[in-house]
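A quick write-up on the structure given underneath.
The values are calculated or read from the model by the stated rules, or taken from the named source; none is laboratory data. Bear in mind that the values here come from a model prediction, so they are computed numbers and not experimental data. Cβ placement follows ideal geometry from the backbone for every residue including glycine, while neighbour counts extend to all protein chains displayed. Heads up: the accessible areas ignore ligands, DNA and RNA and are worked out on the full protein's heavy atoms, side chains in. Shrake-Rupley method; radii C 1.70, N 1.55, O 1.52, S 1.80 Å.
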Amino acid sequence: MSEKLERLLKHKDLEVRRQALKDLQRQEKDPLVKVPILIRSLEDENWRVRKTAVEILLDIGGETVIREFLRTLYKGNTNARNSAIEALIELGHIATDYLVNEFKDANIDVKKFIIDIIGSTRDLKAFPLLLKTLEDEDENIKAAVVEHLINIKKNSAVVDALIALLKSADTWVAYHVIAALGKIGDARAVDALISALSRKDLRKSAIIALGQIADISSISLIVPFLKNESKTVREEALKAVAQFFQKGASEGIIIENIKNAFGDEARNILLPHLQSSKREVSAAAALILGLLGDKSVITHLLEMSASEEINEPFIRALVFIGKLMPEALIPYFKADDPYQRRLVCKIAGRIGNEIFFDAIAECLKDRDGHVRGSAAIALSNLNNPKAVEYIKPVILDEYENIQEEAIMALSRLKKWLNLDEIISWLSDKSSAVRRNAALLLGLLRDGNSVDALGAALKDSDTRVMKAAVDALGAISNPNALNFLLTALKDESPEIRRISVIAIGKMHTKEAAEALIPLLLDTNAWVRAAAVEAVGKTGSEKATEPLTQLLSDESGLVRIAVIEALGNFKEEKVKKILLPLLNDRDPEIRSAAVESLAAFEGIVQDIAPLLKDNEWSVRKKVVDVLGKFFRDEGFAYLRETADMDEDSMVREAAEEYLRARV
């Protein structure tokens, strides 16, 4: 190393040091000269200098660089060691064989580093090493291996190896093994975990893991620990039983096991947990007490369902209580919290008991809009003809979304509705009533309303016209098609656009042919909608007019055409799409990649775009390879996961590689 370079690499200005490394890379051609200098720079005090050195070393690549990184793992300098670890992770599968070989003679510390590197890259080539390490290595190394094996998910060899290790491991390793088996969630581990329940030092961990797996065969062995002398064991057992319910165990199974274990004593055992300062514990207690028919926990369950990210188990418990004791829910229709009033309406609707009719009907006048909407839906679920007259006024609610819930509720009461009355609403002086009448008729799908809806296409209010178009599309009979064909000539581009969409959903030959002229509409949004609708028909007559639109002035239309062509599995279409991979517009390139996914033998055609300048194009290629050509595209995905400069692209590739395991 020249004196000048040495001086620059020790300069107090970090940018001078970085530039010196870049100049070294540009000027020095011999790796044997520059690699050792770059490796020494990994000890620099500034992370930006170290990062520059790593980037240059990775750019040089090759065996010399990898071996230097491995040697650096033995150094006492933390900066250099961490930089080498990050670089080896970045190299991914390229470095795996070297790491495996180095592991054989490495000291304990370096072995730990190698396990962490391999665990981060998740290269299956190193899998045999990880399993072998479980047999005879240092306990800390075993614990590290177990942590990384979790990432391989439900691989049978992993589960078998962990089960075998659990039988002979000391407490420290066994703790990590149990945690791994719980997170992996494979039911084959249940017997081994049940055996671990007999060890006090592992009992808590085993209960947690069994709750995570939630195999029904183990619940009877967990429930007795609700009365254990250890508070933490009691709490974990309670949370585990709640997990069984959350993961699908029936109310009957939970109740049967608790009553078999404790009989009438069960409530007294669970009640103290209701006041726990630990939210998970109090929530689990409320859940189980609810299943035991304790109406005192209704308030707790309502509160939990409002705040918990996953509230369905609490709602299930409330439904269970409501079926046993429906009268216990009645006071909560007047709760102070509007969320609770809304939720009680939902629960009552799910239960479907007539005892709730008056309370739900009263909620249709609630001061909170969400409560009114929920009440309308709930009342319709009671399947009572009287509900129609109570719900009708809500179609004039001050909030449009609540009006729409009332419309949905009325549609569920179809057999008690007067069709002529609803048709008459299309002539109401209120545009809101006319619009809602059209929406309701669309849900009812009665052919007798087509003429009235056709007349509504001339309404003075565009929103009414749009609702009539949607309704005619939903009814989907020849008469409805005739009215929609007329709407295609409307002066409003929006009416033409939604008419195109409605006709496209009819999936008839007549509908498909009627749409082709709209490919030349003066409005780009109408043309784009027509392209999408025509593309979904798969009609042979559509290919040529669609192809002509590849030169459309609107990018929106061109992209729609490319996406539509993906529906045609013709060789001539493939030949049309392939040149678009080289288009100047990245959105065009992405759309072409996605449409080509429908064809066989295109991996070699799209793979070069993994080097595209635009990250979004590279991400699209990764998605197509990962979803449709995972085996054929494995090597490309692996390289992208290791080398792409964009974290989102790398992570997407890694996700598909993990799913392949």
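Values computed for the structure shown
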item	result
Any hit, the stretch 42-60, residues being of a type outside the set (Phe, Trp, Tyr), in a helix (DSSP H, G or I) and in contact with a Gly (Cβ under 9 Å, 6 or more places away or on another chain)	no
Failed item, numbered, when Ile269 is tested on (1) under 29 Å from Glu362 (Cβ atoms); (2) part of a helix (DSSP H, G or I); (3) open to solvent by less than 50 Å² (accessible area, probe 1.4 Å)	(1)
Residue within the stretch 478-485 that is in contact with a helix residue (DSSP H, G or I) (Cβ under 7 Å, 6 or more places away or on another chain) and at positive phi present	no
Selection count, the stretch 84-122, where residues are in contact (Cβ under 8 Å) with a residue 24 or more places away in the chain, open to solvent by 10 Å² or more (accessible area, probe 1.4 Å), among the polar types (S, T, N, Q) and part of a helix (DSSP H, G or I)	2
In the stretch 193-236, the residues that are acidic (Asp, Glu) and in a helix (DSSP H, G or I)	Asp201, Glu235, Glu236
Any hit, the stretch 40-50, residues being acidic (Asp, Glu) and open to solvent by 70 Å² or more (accessible area, probe 1.4 Å)	yes
Helices (runs of 4 or more DSSP H) contained in the stretch 564-661 and holding at least 3 residues of a type in the set (Gly, Ala, Ser) and touching a residue at least 12 places away in the same chain (Cβ under 8 Å)	586-596, 647-660
Selection from the stretch 187-196 of residues that are over 33 Å from the mean Cα position of the chain (by Cα) and either among the basic types (Lys, Arg) or crowded, with 20+ Cβ neighbours inside 10 Å (or both)	Ala196
Some residue of the stretch 392-407 being open to solvent by 50 Å² or more (accessible area, probe 1.4 Å) and of a type in the set (Lys, Arg)	no
Residue within the stretch 425-435 that is among the hydroxyl-bearing types (Ser, Thr, Tyr), out of contact with any helix residue (DSSP H, G or I) (no Cβ under 6 Å at 6 or more places or on another chain) and under 23 Å from Lys505 (Cβ atoms) present	no
Members of the stretch 216-233 that are buried (at least 21 other Cβ atoms within 10 Å of the Cβ), without any contact (Cβ under 8 Å) to a residue 40 or more places away in the chain and either under 24 Å from Val319 (Cβ atoms) or out of contact with any Gly (no Cβ under 8 Å at 6 or more places or on another chain) (or both)	Ser218, Ile219, Val223, Phe225
Residue list for the stretch 582-624, restricted to those being within 21 Å of Thr543 (Cα to Cα) and open to solvent by 10 Å² or more (accessible area, probe 1.4 Å)	Asp583, Arg589, Ser590, Glu594, Ala597, Ala598, Phe599, Glu600
Residue among Gly248, Gly252 that is loosely packed, with under 15 Cβ neighbours inside 10 Å, part of a loop (DSSP other than H, G, I, E, B) and not charged (D, E, K, R)	Gly248
